[in-house]
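Here is the structure we will look at.
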């Protein structure tokens, strides 16, 4: 059983690390879901091609943000909970 140190560090059991190919210095990601922590070894290129099926033109950050706001407002309208959109000030 692993124990959490005062620095919030956890030592992973050697047999589990060997089984997953985790070596000292490797990067891992941790996710919390339903009161459980999942540790995943980061693998270079693991997401390569994940979004290759999406065909999209270039879009500015402002256009992307505005599109997200419009989709959110449309979803709220569909649910019957229309709320005025809040404009955020941009820091200069």
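Things to note:
- Once C-alpha pairs closer than 8 Å and six or more residues apart are averaged by separation and normalised to the residue number of the chain, the relative contact order reads 11 percent.
- Structure-derived Kirkwood radius over Cα pairs in Å: which label, when the choices are (i) 14.0; (ii) 19.3; (iii) 18.7: (iii)
- 0 to 90° range, to nearest 10: angle between helix 61-79 axis and the chain longest Cα axis: 80 degrees
- Listed by Cβ neighbour count within 10 Å, with the fewest neighbours leading, 3, 65 appear as 3, 65.
Coordinate-derived values only; no laboratory data. Bear in mind the structure is a predicted one, so any value in this text is a computation, not a measurement. For neighbour counting, all protein chains shown are included, and Cβ atoms are generated from backbone atoms with ideal geometry for every residue, glycine included.
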